[in-house]
Amino acid sequence: MQMSQLAFSTSKNPPAKADTINHRLLVQAGFVRQLMAGVYTYTPLGLRVLRKIENIIRQEMNALGAQEILMPALHPKANWLTTGGWNEIDVLFKLKSRTNREYALGQSHEEVVTPLAKELINSYKDLPLALYQIQWKYRDELRSKSGILRGKEFYMKDMYSFHADQADFEKFYQKTKNAYLKIFKQLNLSPKVTEASGGSFTKKISYEFMVITDAGEDDILYCDACSYCVNSEIAKVKAGSPCPKCGVALKQARASEVANVFDLGQKFTKAFNLQYVNKDNQQHYPIMGCYGIGLSRAMGVIVEKHHDQKGIIWPKTVAPFPAHLVSLEGGEEFAKKIYNDLLKNGIEILWDDRQRSAGEKFADSDLIGIPIRLLVSKRNQDKIEWQLRTQKKGKLIGSKELLSRLKIDK
């Protein structure tokens, strides 16, 4: 992609009322545009990042044996009355049509996926079953803030599993937990698996995947010596108390929730009368679980964790492009040849072909934060300066070495 053709450009000035790093940098670097509080447009660069995150998640969900579907965002009121959510969930957006029928915008999809699963589950032989989707969700947040960390509209992966018994659910939960940790490792995030209340979903303990960041809205208590971590809202301990698992003093930190797991028990299967016949020809309600990952929120947390005073530093796994080609005066023709050669070899890069000063191009390159900068100039002749975003000095390489390096990174 050529920057001269890019639909959204960078900005020297931060957006007004930007209260977090992700809000400021994502807008300035041209990845998002705010329509109103809690609602954003994702530009071509921002959408490429979302798609990278999406593909990482999809790969791990498929490996679990889950099957991808896409459910409606518009739900009939009757489904939410069946579960009690219509009157109990205060963040639910409610709509009325011209025919006076009432609907909800999906803030979660238990009310849709459970009756859907009734078509698939009749016998114990049909279990376990796991279905997931990647879709926009809607919540009537009173205080949408922190950039894309807390929105009225957000992008989410939600998976729902159905099991013959609690033991099978626990087994699947452990597999999902490990898949989540693999996903976040690829996103270069290190979440802490945190005990928390199930809230409006269930009275059971749920698990949240929390990343420590000052932009977060939760307080957690965690142990540096072991894996113990708990949301401070339900904690029976406090900062400085001995860890219940190993005795080391607990620490407190602000954190942002990037994923969660809920044990839904039989709440929804009973509400929709979803039953299966076991080996003894007896009717039972399946145990149900749900598993969410906030894609747009994860994107914001990545920026909160990976940046410097110059701009974003994207992990290469989710960067919009593997490299940023910057051509200075006298290097335009060579840069064009490099750009076309890479495209012919299936490698897309971002090329700053604009008629701008070297200083402005360097500043924009740092702000956008692509992991590798390729500098072409009259001074370097037929060599390309390869420089990592995290390093101050680059290295001159030839065209053949450039292609082999980028193929390896790809």
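The values are calculated or read from the model by the stated rules, or taken from the named source; none is laboratory data. Every value quoted in this text rests on a predicted model; they were computed, and no experiment measured them. Cβ: placed from backbone, ideal geometry, glycine included. Neighbour counts: every protein chain shown.
Matching residues to (1) closer than 27 Å to Arg297 by Cα; (2) in contact with a helix residue (DSSP H, G or I) (Cβ under 9 Å, 6 or more places away or on another chain):
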| site | (1), (2) |
| --- | --- |
| Ala73 | yes, no |
| Gly84 | no, yes |
| Lys96 | no, no |
| Ser123 | no, no |
| Ala130 | yes, yes |
| Leu142 | yes, no |
| Phe154 | yes, yes |
| Ala164 | no, yes |
>> Of the conditions (1) surrounded by fewer than 22 Cβ atoms within 10 Å (Cβ to Cβ); (2) in contact with a Cys (Cβ under 8 Å, 6 or more places away or on another chain); (3) closer than 25 Å to Glu111 by Cα; (4) among the hydrophobic types (A, V, I, L, M, F, W, C), Ala249 satisfies every one except a single condition; which number is it?
In response: (3)
>> Which of the numbered conditions does Met159 fail, given that it passes all the others? Conditions: (1) of a type in the set (A, V, I, L, M); (2) crowded, with 22+ Cβ neighbours inside 10 Å; (3) modelled with pLDDT under 95.
In response: (3)
> Given the structure, is Ile57 closer than 24 Å to Tyr173 by Cβ, among the β-branched types (Val, Ile, Thr) and surrounded by fewer than 21 Cβ atoms within 10 Å (Cβ to Cβ)?
Replying inline: no
